[in-house]
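Right, one structure below, let's go through it.
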Amino acid sequence: MMLTKSDFLIYLEAPLHLWARKHNKIAKPPSTFDIHNMNQGYEVEKFAKEFLETYLIRAGENESLIWQKTFSDQHYTLRSDALIYKPQMDSYDLYEIKSGTSIKPANFYDVAYQYLIISKEHKIGRLFLLHLNKGYVSENQLDIKQLFVAEDITEKVFEIIEDVEINRIKAWETAQFYSSGGIEHCLKPKDCPCPDLCHPGLPDFSIYDIPRITKKKKKKLLDMGVLEARNIPDTFSLNPKQRLIVGLAKSKQEFIDYKAIRKEMEKFNFPLYFLDYETFLSAIPMFTGYHAQQQMVFQYSLHKMESIDDECTHTEYLSINKEEPSKKLIKKLSDEIGDTGTVFVWFKPFEMTRNKELAIMHADYVGFFTNLNKRICDLGNFINHGYYLHPDFKGSWSIKNVLPVMVPEFSYKDMEIGKGDQAMMAWWNMINKNMTDNEIEKTKISLLEYCKLDTLGMVRIFQKLWNIYQDHKEV
């Protein structure tokens with residue numbers, strides 16, 4: 001059994017994930033979004049090869065490129081991205097290509113694993129990570145020279161090389177085990193590819209649901225035999241928010257900070273707006289004015305509440321073709337949202353960042369987006385800051401978890417499109433006509449319904465919080 005680079009990185013994530021992978025115990029197939037990301041990676045590799053050949057290889061000095069060659073040593077194997085031969089030094093510089101815009105800690109382990117194998121066959125000079133340039137803004141024609149950044153990570157890699165050498169042996173040994181018993185499992189059930197192996201019998205409200213609890217504390221609780229959140233001892237060290245969540249697990253009663261809710265409610269100005277964007281993430285800029293890995297806004301939903309007693313009005317926009325979507329979207333949004341009144345979103349860093357990006361791209365709307373961002377309020381903070389908590393949130397403040405608890409008649413479960421990555425891929429397939437005309441029409445409806453539920457859901461959550469405020473004004 002050979003250990004690939006991907007195997008090794010999965011081992012570092014969780015040894016049991018590696019065992020499951022090598023023993024065909026991961027039944028979860030890649031999602032449409034996963035496949036899209038892989039295809040984006042292939043596209044980045046294509047441009048990276050052009051970048052290396054055009055701008056980094058010195059043909060006059062007889063430098064040459066080895067592209068995506070397979071190397072093996074004992075039980076270990078990999079396919080490298082790129083090696084550039086340097087005749088003057090009689091050595092090779094190694095380039096690992098990533099579709100992100102920055103270096104991640106795992107990248108050092110990735111390159112170190114490669115170095116240990118390739119250096120058995122070739123003398124290696126410097127080690128580089130070639131990633132997309134966050135600062136590059138696409139103009140009329142894609143500029144390959146500006147699209148990438150090559151960062152020398154040689155020293156960082158050599159700091160961990162011994163650790164990687166030890167761990168790859170452990171990884172290979174783990175892959176050989178006949179059974180999964182005793183292999184270390186992951187500590188993130190929500191993202192686990194093999195939950196039946198890592199987390200059999202996981203309780204409904206577990207220690208993993210405690211927000212921002214550290215890996216060290218999770219392990220300590222497991223060593224104590226504590227898996228259910230309600231069984232965490234009162235003496236166990238937690239921050240106030242975490243202790244509050246544990247209290248909910250024990251009491252099974254909601255928690256309401258009436259004073260905090262009153263204080264927040266008195267800040268808002270009518271008319272109230274409830275805004276949500278849907279976006280598409282492209283590694284390579286698709287249009288002029290975009291940078292690598294920029295979220296491209298293609299849809300919004302907007303509910304407007306003139307007063308607490310009035311019915312809300314709803315407007316929306318969805319780009320349905322392959323043209324750059326933001327120009328028409330901004331025009332419609334600016335006509336509908338007005339220049340006064342509080343604008344509610346859920347997780348405001350997302351919408352506010354999109355607004356800042358759109359303002360850069362559309363100079364005529366700088367004033368509009370500056371004003372809009374000043375008016376934005378994060379409705380999710382009522383949950384995130386602990387003003388209203390319910391045990392059925394299970395420590396989460398995602399609207400996907402909060403809405404069905406606070407407004408039981410609303411849910412994302414049975415929707416054709418019920419998650420952001422599904423919306424992203426549905427829109428991409430729609431504008432590229434990767435579906436029949438009938439499917440396109442159904443997709444339009446599903447996208448509009450999904451985005452509308454986000455903003456209507458915020459309206460209903462706000463109304464419930466407003467009623468709490470009205471009923472307890474004197475508290």
Whether segment 270-365 is rounded, prolate or oblate, judged on the alpha carbon gyration tensor where a/c under 1.5 counts as rounded: prolate
Residue 144 paired with residue 470, simple spin-label distance in nm, labels 7 Å along Cα-to-beta-carbon: 6.4 nm
Helix 348-361 axis, angle to the chain major axis (alpha carbon atoms, nearest 10°): 70 degrees
The chain - percent relative contact order, Cα under 8 Å, separation 6 or more: 14 percent
Solvent-accessible surface (1.4 angstrom probe) belonging to residue 69, in square angstrom, nearest 10: 70 Å²
Rounded to whole Hz, the Karplus (6.51, -1.76, 1.60) HN-Hα couplings of segment 272-285, x for glycine and proline: 9, 10, 10, 10, 9, 9, 10, 9, 10, 9, 10, 5, 9, x
Chymotrypsin sites (Phe, Trp or Tyr not before Pro) restricted to segment 125-182 and DSSP loop, no more than 16 other C-beta within 10 Å: 177, 178
Value at 222 nm in deg cm²/dmol, rounded to 500, when DSSP H runs of n ≥ 4 in the chain each add -39,500 (n - 2.57): -13500 deg cm²/dmol
Relative packing of 451-460, 96-105, which averages over residues the other C-beta atoms within 10 Å, highest first: 451-460, 96-105
Prolate/oblate/rounded label for the chain (Cα gyration tensor, a/c 1.5): oblate
Per-residue HN-Hα couplings for segment 3-12 [Karplus 6.51, -1.76, 1.60; θ = phi - 60°; Hz; x = Gly/Pro]: 9, 8, 4, 4, 4, 4, 5, 5, 4, 5
For residue 124, residues with placed amide H under 5 Å, excluding near neighbours: 92
Long-range amide H partners of residue 296 with built H, under 5 Å: 280, 281, 282
Whether segment 99-146 is rounded, prolate or oblate, judged on the alpha carbon gyration tensor where a/c under 1.5 counts as rounded: prolate
5 angstrom amide H check on residue 226, placed H, neighbours 5+ away: none
Phi to ³J(HN,Hα) by Karplus 6.51 cos²θ - 1.76 cosθ + 1.60 over segment 24-38, Hz, x for Gly, Pro: 6, 9, 9, 8, 6, x, x, 6, 4, 5, 4, 5, 4, 4, 5
Cβ-derived FRET efficiency at R0 45 Å, residue 220 paired with residue 75, nearest 0.05: 0.85
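The values are calculated or read from the model by the stated rules, or taken from the named source; none is laboratory data. Remember, predicted model here, so these are calculated numbers, not experimental data. Glycine gets a Cβ as well: all are built from the backbone with ideal geometry, and neighbour counts include every protein chain shown. Surface areas here come from the heavy atoms of the whole protein model, side chains and all, with no ligands, DNA or RNA. Shrake-Rupley method; radii C 1.70, N 1.55, O 1.52, S 1.80 Å.
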